[in-house]
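Everything on this sheet refers to the single structure shown next.
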Amino acid sequence: MDQAQLRRLLPEFAKAGVRELKLNNTDFTEVDIGLLTQTIPNLVFLDLTYSRMKKDQLISLLFTIKHAENLQELELCGIDLSFVSVPVLKESVWNVRKVSLERNFLNKLYEVSVVKECLPSSKLRCLHLHHLKMVSLQRGISIYSEHFNSIEATMLLEMVKNNSTVKELTMTGEDLSTIDEEILFQTVLNLKSVSFVGTHLTTEQLTRIVSAAILSDSLESLNLSSNNLSNLSSEQLVTAVNRLNVLGLESTSLTQEQCSAVIGGATTSPTLRFLNLKMVVVEKNYNEVFEVLKEAKKREDLYIKYDHYIDQ
């Protein structure tokens, strides 16, 4: 809409009690922001993606959203929120069920702080930031992050470690090899599901993570795909297999001995129901792995995902 249309239509929308409003890529800088905010009390859905506002207009908008009792879904992607404090942003989205704030010029430490502040909310069910996503389900809160460096990831892990409502954590796509092993251990110990995919973890870090999986009373699923596990002991991996429901080991450079041991452990595990061994290349003693896999496939309650050449 152009400015003339906004001035004419927004009052009509407010008067009519419009419930959903989508004004993407709209320039509000020369429009009285009150024309927009007067529509918000009636709204259940508001999408202002890539719209342009002055700072004072945006603060007024956030204040109105804070008191919008009917608003269920909010999209403010592509709007510069870098000048907004964490408490102000948290209070604005606290009571909205689904919030999207991607590409808002927020750094990752800021995003972690926002999620930390929003965790106690009883109404917020999905908060989608640029590098971080929080989803609240009946079984607990799931957090997904990507491309966090070790400092940013450490802050996130500390937050997760100290919050009993978080049950699932997924971290992907960055070098986390300098994170303290004990923080990883303590974080994994209390979760239900953990994924560290393509995070370049060291043997020491991986050893502590698997140890936590073995000792945990809550962990059911562990995914370490695209990390090098070739130096972990086969015995430790088998012990983990006997405790978990789901184990992801895709592209983990397992040796033939490790691969045979893991599949053999899966065959007799009282808990395991899914094992991912995609892209695990066995270059020698292939027949031994094949025989163990053939035995494991007799279990009807166990699914092993693998490259088809292993089965030939």
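The values are calculated or read from the model by the stated rules, or taken from the named source; none is laboratory data. Quick caveat, the model's predicted, so the values are computed rather than measured. All Cβ positions, even for glycine, are placed from backbone atoms using ideal geometry, and neighbour counts span all protein chains on display. Quick note on the areas: whole protein, heavy atoms, side chains included, nothing else; ligands and nucleic acids left out. Shrake-Rupley method; radii C 1.70, N 1.55, O 1.52, S 1.80 Å.
Step by step: first the residues of the range 150-160, then only those that are open to solvent by less than 60 Å² (accessible area, probe 1.4 Å) and touching a helix residue (DSSP H, G or I) at 6+ places or on another chain (Cβ under 7 Å), then the one that is farthest from LYS192 (Cα to Cα). Which residue is that?
That would be GLU152.
Do we find that VAL135 is of a type in the set (A, V, I, L, M) and touching a residue at least 24 places away in the same chain (Cβ under 8 Å) in this structure?
no
Is it fair to say VAL96 is open to solvent by less than 10 Å² (accessible area, probe 1.4 Å), farther than 21 Å from PHE28 by Cα and modelled with pLDDT of 95 or more?
yes
Quickly run through the range 1-48 and pick out the residues that are in a loop (DSSP other than H, G, I, E, B), among the polar types (S, T, N, Q) and open to solvent by 20 Å² or more (accessible area, probe 1.4 Å).
Passing the criteria: ASN24, ASN25, THR29, GLN38.
Determine, yes or no, whether LYS116 is buried (at least 18 other Cβ atoms within 10 Å of the Cβ), part of a strand (DSSP E or B) and either in contact (Cβ under 8 Å) with a residue 40 or more places away in the chain or out of contact with any His (no Cβ under 9 Å at 6 or more places or on another chain) (or both).
no
Return the residues of the range 226-240 that are open to solvent by 10 Å² or more (accessible area, probe 1.4 Å) and under 23 Å from the mean Cα position of the chain (by Cα); say none if nothing qualifies.
SER226, ASN228
Would you call ILE143 of a type in the set (Val, Ile, Thr), modelled with pLDDT of 95 or more, open to solvent by less than 20 Å² (accessible area, probe 1.4 Å) and closer than 25 Å to CYS77 by Cα?
Judged against the criteria, ILE143 is a match.
Taking the range 69-93, which residues are over 19 Å from the mean Cα position of the chain (by Cα), assigned to a loop (DSSP other than H, G, I, E, B) and closer than 24 Å to LEU137 by Cβ?
Residues satisfying the conditions are GLU69, ASN70, LEU71, GLN72, LEU76.
Which ones in the range 123-140 are under 18 Å from SER195 (Cα atoms) and open to solvent by 60 Å² or more (accessible area, probe 1.4 Å)?
First pass over the range 123-140, keeping only residues under 18 Å from SER195 (Cα atoms): 131-137, 139-140.
The answer is LYS133, LEU137, ARG139.
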